[in-house]
Amino acid sequence: MKQLFAEIFIWWHGQTMGTRLFTALNGKFVGEDDAGNKYYVSKKDPKKRWVTYNGPAEASAIQAGWHGWMHGRTDVPPTEQNYQAKAWEKPHHENLTGTAAAYRPKGSLLEDGKRPNVTGDYDAWSPE
Amino acid sequence: MANIKVDGQEIEVPDHYTLMQACEEAGAEVPRFCYHERLSVAGNCRMCLVEVKGGPPKPAASCAMSVRDLRPGPNGEAPEVFTNTPMVKKAREGVMEFLLINHPLDCPICDQAGECDLQDQAMAYGVDSSRYQENKRAVEDKYIGPLVKTIMTRCIHCTRCVRFTTEVAGISELGLIGRGEDAEITTYLEQAMTSELQGNVIDLCPVGALTSKPYEFTARPWELNKTESIDVMDAVGSNIRVDSRGREVMRIMPRINEAVNEEWISDKTRFIWDGLKSQRLDKPYVKKSKKLQAASWNDAFAAVSRAVKKTSADKIGAIAGDLAGVEEMFALKGIMEQLGVNNLDCRPAGSALEPSKGRASYILNAGIAGIEDADAILIVGSNPRKEAAIVNARIRKAWRASGVPIAVVGDQDDLKFDYEYLGKGVESLAAVAAGDVEFAKTLANAERPMIIVGEGALTGTAGKDVLALASSIAKGSGALSADWNGFAVLHNAAARVGGLDVGFVPAKGGLDRAGMDKAAAGGDLDVVFLLGADDIDMEAYKDAFVVYIGSHGDVGAHAADVILPGVTYTEKSATYVNTAGLVQQTTRAVFGPGDAKEDWAILRALSAHLGEALPYDNLNQLRGALYAQHPHFADIEAPAQEDAKAIEKLAKVPAKIKKAALSTPINDFYLTNPIARASAVMAECSQLAAGGVNEAAE
């Protein structure tokens, strides 16, 4: 229900009503990734594939396993591959550039952390 | 003298010279790793090979062969040595190739790179490729303390560090075990070295096997600005080179001065620099409603001026601390004279030394190098190892060279040389003066006896007695002859002799430090100026208005009502006089932090607020005024020659001997001044010396 209201009132963030309608009529559900993004393929044309994002539309949120399928590099979706993640693999997350969580180097004015010591730094005494 | 021909050039050299010295005399450079002028000859690196004509048909190690070992030619021609023949070059290339078999090629990550003997000499004698397919030898790194970092794979077994620690420092904690490829330099027990001269092995190491731990990976030698300066950690006035980058002191290295520190410096001198950047006073503070608050310079001066104007001259005092330069003491004395204040003191510990008794009565008259000429030494109430480690190394050098008899009155500590212990108190000193002990005869029979009196022994109630007794021993044993003055006061602070020279002592009717303490506690002292004086009892000055001029937030700053931030010795050009009366000047290497100003400039600005401005506007004018009043300050680096009559006048055996123990005032070598107390490295060393931390590296 919440999703439905979001599609009506803040449609520019993600899936629109049009997409919902199109998916219901033409789409065949293929699978869902760990982040909750749903992947569909057209009933008529198996080369036509699309995703509805869980949350704002952000292309880099497509996980590595689904990326190949989405871009037509492979026709086997990860749901049929039975891939086991390695211990050293970090969970996928989208590109954060442009958001508040973007990476900032140490010493950046936008990062409240302290910059590392440089030549000429000293510790001042204070009475407390 | 012997004649010798070096590369065809005939020269005359003393016959005890080694071939290497003769070659250097002739201007031929001889590469070397193990040979060092101030250490015994080991002859194990073989880099200094030369060709000797008429000798055996093999190259000779020039550091270990003496000129008198060579035979003259059949018709009495001078023996001939060659340093530039193809045979010599090939021999040295062979040695270098052997050294490089196992030396890692890690110059890019080595702290020694850029000032490495092996790197430099490989430019001349190295070959461009290796003939070895085998793996290089790897050696485990050793833990030898918090100051010296070891990367033992780089070691080329020159044994300079072993010879230094055994010969100069007097500790047998470093050695070479194993032989051939298995040879390793080690402490064996993986313990920290216990010498306060251990940092010198870093300079001695010709490669990067022993490097400075606090300096590791912080800078490269070619990016540093080198400033020649003077150390103020003790009264020796060691000659140092301050290496800085931008506004930061990166490290401190020794400079050669035969009259002072040869080429050694103590660990406190070398590793103090991290104290220069912590706990710094970088803005003026004024106490408002019982709390120190940051203020502008004008507000701070106004606060001082208000406090001074509220009171009268007899209720004002000034005390100069251990690190004050001559210029600022002169300036502060100038202000005090203008205000009519008589209460001045530059002896926070309260010693009995007074400039009115003559300069000879408070300096080490024979000079630090003169210790080597002494043929009997009496040490009174001093632990030279803690008070002036470099002086202790000189005494040890004299003791090793000639076995000079040494006796000690005072603490019975491990001084790294053998001595006769005469007792702890003043009465033992009186016994020497009266000739009741055997050592009195040794002193009397000696041609150049030396009596070293620690500044600590001259403090307290018995201070005057000790001075009188020591003077009478000097007089009685003939230490005060025309060409030898064996009376020696060993100070423990860099500022002291300069302060006495400039007359920073109570003027007529004035109070000394102890008097000021009492007056302040009784409410008779309203304003006190502390020029970097931290080692006094601040409790007494609780109710007084304390003006602290200094560089670090230490005891003095915490007790202050107004703080005027000054700078340290690396940040100003100031004159210091060492314990031997040698006048030396520091040079500014970096600028002070924040709003801190040079101390004399602070006092000059303050004088304008207090009334009449001091009659100088820059350092040169100040020095002009100083030299006009005290001409000897102009003779920089001139050895002191003082009239021994001053000491003879003091020689008087007191009627009643007070019972007082004579001991060194320094409990902790590493934490003697505000800069050292701000240094994390010194704190670690101090903890280690006290037995607090006793763990290996891993």
Task: Phi-based couplings in Hz for the stretch B:410-423 (Karplus 6.51, -1.76, 1.60; Gly and Pro marked x) - done: x, 6, 9, 10, 7, 9, 6, 8, 7, 8, 8, 9, 9, x
Task: Around B:TRP484: net Lys/Arg minus Asp/Glu count, Cβ-Cβ under 12 Å - done: -3
Task: Charge tally in the Cβ shell below 11 Å around B:LYS90, where Lys, Arg are +1 and Asp, Glu are -1, B:LYS90 excluded - done: -1
Open item on the list: Along the charge dipole of the protein assembly as shown, pointing to its positive end and built from +1/-1 on Cβ of Lys, Arg, Asp and Glu, which listed residue (B:ASN102, B:ALA78, B:GLN21) has its Cα farthest out?
Closed with: B:ASN102
Task: Partners for A:LYS2 among lysines (Cα-Cα distance below 20 Å; same-chain residues under 8 apart left out) - done: A:LYS38
TODO: On a C-alpha basis, how far is the centre of the stretch B:473-494 from the centre of the stretch A:1-62 in Å? Whole number, if you could?
DONE: 98 Å
- [ ] Work out the charge dipole of chain B with +1 on the Cβ of Lys and Arg and -1 on the Cβ of Asp and Glu about the Cα centre, then indicate which of B:TRP222, B:GLY208, B:ILE371 is farthest towards its positive end.
- [x] B:ILE371
Task: Simple Cβ-charge dipole of the stretch B:431-479, Lys/Arg +1 and Asp/Glu -1, about Cα centre, in debye nearest 20 - done: 120 debye
Open item on the list: I'd like the Karplus ³J(HN,Hα) series for the stretch A:24-30: coefficients 6.51, -1.76, 1.60, θ = phi - 60°, whole numbers in Hz, and an x wherever there's a Gly or Pro.
Closed with: 5, 7, 10, x, 10, 5, 9
Open item on the list: Order A:31-42, B:529-540, A:110-121, B:259-270 from most to least packed using the mean count of other Cβ atoms within 10 Å.
Closed with: B:259-270, B:529-540, A:31-42, A:110-121
Open item on the list: Between the stretch B:331-364 and the stretch B:501-531, how far is it from one alpha carbon centroid to the other, in angstrom?
Closed with: 11 Å
TODO: Would you mind checking the radius of gyration and Dmax of chain B based on alpha-carbon positions, in Å?
DONE: 27.8, 95
Task: Integer Hz, Karplus 6.51/-1.76/1.60 couplings in order for the stretch B:217-231, x for Gly and Pro - done: 6, 9, 7, 10, x, 7, 9, 9, 8, 9, 10, 7, 8, 10, 7
Open item on the list: Nothing charged except the Cβ atoms of Lys and Arg (+1) and of Asp and Glu (-1): what's the magnitude of the dipole of chain B about its Cα centre? Round to the nearest 20 debye.
Closed with: 1200 debye
- [ ] Name the long-range amide H neighbours of A:VAL30: under 5 Å, sequence gap of 5 or more, or other chain; modelled H, no Pro or chain starts.
- [x] A:TYR39, A:TYR40, A:VAL41
Open item on the list: Among DSSP bridges having both ends in the protein assembly as shown, what percentage is antiparallel? Round to the nearest 5.
Closed with: 60 percent
Open item on the list: So if I take the centroid of the Cα atoms in the stretch B:602-677 and the same for the stretch B:235-252, what is the distance between those two points in Å?
Closed with: 23 Å
- [ ] Determine Rg/Rh for the protein assembly as shown; Rg is computed over alpha-carbon atoms and Rh is the Kirkwood hydrodynamic estimate from the same atoms.
- [x] 1.13
Open item on the list: Can you compute the helix-only [θ] at 222 nm over the protein assembly as shown? Use -39500 (n - 2.57) per DSSP H run of at least 4 residues, normalise by all residues, nearest 500 deg cm²/dmol.
Closed with: -7000 deg cm²/dmol
Open item on the list: Skipping prolines and chain starts, which residues have an amide H placed within reach, meaning under 5 Å, of the one on B:ASP15, given they are 5 or more residues away or on another chain?
Closed with: B:ALA2
TODO: Calculate how many DSSP beta bridges within chain B are antiparallel, expressed in % of all such bridges and rounded to the nearest 5.
DONE: 55 percent
Open item on the list: Check which residues have an amide H placed less than 5 Å from B:ILE666's amide H, if you skip close sequence neighbours.
Closed with: none
Task: Charge dipole (debye, nearest 20) of the stretch B:514-629; +1 at Cβ of Lys and Arg, -1 at Cβ of Asp and Glu - done: 560 debye
Open item on the list: Show me you know the interface measure: the accessible area buried between A and B, both chains summed, probe 1.4 Å, in Å² to the nearest 100.
Closed with: 1200 Å²
Task: Selection from A:GLY107, A:PHE29, A:ALA61 lying farthest towards where the dipole of the stretch A:2-112 points positive, charges on Cβ - done: A:PHE29
Open item on the list: Inside 10 Å of the C-beta atoms of A:116-122, what's the mean count of C-beta atoms belonging to other chains?
Closed with: 6
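The values are calculated or read from the model by the stated rules, or taken from the named source; none is laboratory data. Since we're looking at a predicted model, the values are computed, not measured. Cβ coordinates were reconstructed from backbone atoms using ideal geometry, including for glycine residues, and neighbour counts include every protein chain displayed. Each accessible area value is taken on the protein alone, full model and side chains, heavy atoms only, with ligands, DNA and RNA left out. Shrake-Rupley method; radii C 1.70, N 1.55, O 1.52, S 1.80 Å.
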